Every structure is written in structure tokens, then in C-alpha cells.
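Read the structure below first, then the notes.
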Amino acid sequence: MSALFEARWSGIGVGGTLAADFVNTLDWRLRKEPREALVTYRELLRWAWSAGVLSTLDAHSLLEWANTHPKLAARELAYAVELREAIARLFAAVESGARLPLEPLALLDAACRAGASDRSLLPSGHFAAWARTDGPPPPRRPAWVVADNAALVLTSPERDRLSQCRDAECGWYFLDASKNRSRRWCTMEGCGNRNKARTFYRRARRSAKGS
């Protein structure tokens, strides 16, 4: 295993769904200058491997392909980022109660249609299950898997639980699984504690000025 894949991507699982975790690969989304975490196709593979989208074998197969075809890998990365931002726009519309924008929805639809070529419906006991096609994985598999999950969220009642971190700069998305839908932060350890500290500091300053 290469050194790259010895460390898993931090933040996996915070979104409560694969598509939200993928959207969250743009850190500090609400800042004037967000921080891009997917700077190379290699990083896209590390994210996909960490999220369980790719097996170790498939991740390394695609890494070898990327090393051999750097220009094509750069194009695949650009496509994945474009899809991520389309999903982010759709999630933002759902979270705000607005109508879904047509252009991002069309891009997601196209990704789902294209991704159908990468899976087959096979027997599984008395039932059936989707399975990925045999052989080397296509370079676009991470994007296609995310697209399927995003479509599942958007067509499910769970979309009503889609929320965005209430930090003024964070912008991470998540499915609020709390009973009364009271979750405000991506994580309490991160944005939750930071905002609590800010609130405490502001109150302390007002108290000092009033004394």
C-alpha cells in the first residue's frame, strides 16, 4: 500500500451520507476564499478509498492509471469537482426551501445515467443487488457513485433533514438525524466549541463594559 493510503480522509461520516461528505471536501465553503481539498486526482482517490467507494485494489489501479495519464486524470478531477459543486447547489436549494436549479440537476442526471454503465443487477440469494462491473474500474467511478447517492438523497424523504453547519464560514452539509432536528454544527468538537467560545467571549466583553 502506498504511503498516501495509510491515512484516511478526516471528516468522513460527518455528513451522514456519502454525497454530503463529498460536498464537504471544499472546506470553509462560506468564506471568500474556501479551501479546496481535492487538489489532485490522487486526493480524490484517497477520499473515495476512505469513504468505501473504492477498494484498496481499485484505488491503486486507478492511481496507476492516473500516473500514466496525468492529463486525463486532471480532466477527471475537474469533472468530479464540477459535479460536487452541482450537488452543493442542489443541497443549498433543498436546505433553503427553494426550487432546484435546472442546470445542476441536469448535470447530476447525466452522471447518474452514465454511471449505470458501471453496474449490473445480479442475483443475491432470493433477491437482487447492484454490483460493480468486473475488471479495472473506470476513472469516473468515484463521481458516479457520489451522483447515485446524491440522487437518492434528493428523491428521499430524508432530504428534509438536509442542513448546513450554522457556523458563519464553515458551510459543511449533513443530514440532521436528531429527533427534534436541533443539530446546528457539523461537529461539536470543531464548529460547535469554536462558536460557543465566541459567544462566551462576546458576553464576557459586554459584561466587562457594563460593570
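Among the residues of segment 72-85, is there at least one that is surrounded by fewer than 20 Cβ atoms within 10 Å (Cβ to Cβ) and either under 30 Å from residue 194 (Cβ atoms) or in contact with a Gly (Cβ under 7 Å, 6 or more places away or on another chain) (or both)?
yes
I'm told residue 65 meets every condition in (1) surrounded by 13 or more Cβ atoms within 10 Å (Cβ to Cβ); (2) at pLDDT below 95 except one. Can you identify the failing condition by its number?
(2)
Would it be correct to say that residue 66 is free of Cβ contacts under 8 Å to residues at least 60 places away in the same chain, hydrophobic (A, V, I, L, M, F, W, C) and under 21 Å from residue 139 (Cβ atoms)?
In short, no.
Of the residues that sit in segment 101-127 and are surrounded by 13 or more Cβ atoms within 10 Å (Cβ to Cβ) and among the aliphatic types (A, V, I, L, M), which one is nearest to residue 19 (Cα to Cα)?
108
May I ask you to list pairs of residues, at least six apart or on different chains, whose Cβ atoms are under 6 Å apart, with the first in segment 33-52 being over 14 Å from residue 63 (Cα atoms) and the second being among the polar types (S, T, N, Q)?
37/25; 38/25
So residue 196 fits all but one of (1) of a type outside the set (Phe, Trp, Tyr); (2) at pLDDT below 90; (3) within 21 Å of residue 19 (Cα to Cα); (4) surrounded by fewer than 16 Cβ atoms within 10 Å (Cβ to Cβ); what number is the exception?
Of (1) of a type outside the set (Phe, Trp, Tyr); (2) at pLDDT below 90; (3) within 21 Å of residue 19 (Cα to Cα); (4) surrounded by fewer than 16 Cβ atoms within 10 Å (Cβ to Cβ), only one is false for residue 196: (3).
Could you give every pair whose Cβ atoms fall below 7 Å, whose first residue belongs to segment 7-22 and is closer than 17 Å to residue 56 by Cα, and whose second residue is of a type in the set (Ser, Thr, Tyr) and surrounded by fewer than 21 Cβ atoms within 10 Å (Cβ to Cβ), counting only separations of at least 6 or pairs across chains?
Close Cβ pairs (under 7 Å, with a partner that is of a type in the set (Ser, Thr, Tyr) and surrounded by fewer than 21 Cβ atoms within 10 Å (Cβ to Cβ)) amount to 8/50; 9/50; 12/50.
I'd like to check something: does segment 40-61 contain any residue that is loosely packed, with under 13 Cβ neighbours inside 10 Å, modelled with pLDDT of 95 or more and over 14 Å from the mean Cα position of the chain (by Cα)?
Scanning segment 40-61, I find no residue that is loosely packed, with under 13 Cβ neighbours inside 10 Å, modelled with pLDDT of 95 or more and over 14 Å from the mean Cα position of the chain (by Cα), so the answer is no.
Looking only at residues that are touching a residue at least 24 places away in the same chain (Cβ under 8 Å) and either in contact with a strand residue (DSSP E or B) (Cβ under 8 Å, 6 or more places away or on another chain) or not in a loop (DSSP other than H, G, I, E, B) (or both) in segment 177-193, which one is farthest from residue 18 (Cα to Cα)?
Residue satisfying both the conditions and the ranking: 191.
Yes or no: residue 130 free of Cβ contacts under 8 Å to residues at least 60 places away in the same chain and surrounded by 15 or more Cβ atoms within 10 Å (Cβ to Cβ)? Outline the logic, then answer.
Values: free of Cβ contacts under 8 Å to residues at least 60 places away in the same chain: yes; surrounded by 15 or more Cβ atoms within 10 Å (Cβ to Cβ): no.
No: the conditions fail for residue 130.
Just the residues that are of a type in the set (A, V, I, L, M) and under 16 Å from the mean Cα position of the chain (by Cα), please, taken from segment 62-92.
77, 78, 80, 81, 83, 86, 87, 88, 90, 92
Residue 27: in contact with an Asp or Glu (Cβ under 9 Å, 6 or more places away or on another chain), under 17 Å from residue 165 (Cβ atoms) and of a type outside the set (S, T, N, Q), yes or no?
Criteria met by residue 27.
Does residue 25 qualify as being β-branched (Val, Ile, Thr) and within 16 Å of the chain's Cα centre (by Cα)?
Working: β-branched (Val, Ile, Thr): yes; within 16 Å of the chain's Cα centre (by Cα): yes.
Taking the combined requirement at face value, the residue satisfies it.
The values are calculated or read from the model by the stated rules, or taken from the named source; none is laboratory data. Just so we're clear, the structure is a prediction, and the values are computed from it rather than from any experiment. No Cβ is skipped: glycine too gets one built from the backbone with ideal geometry, and neighbour counts run over all protein chains shown.
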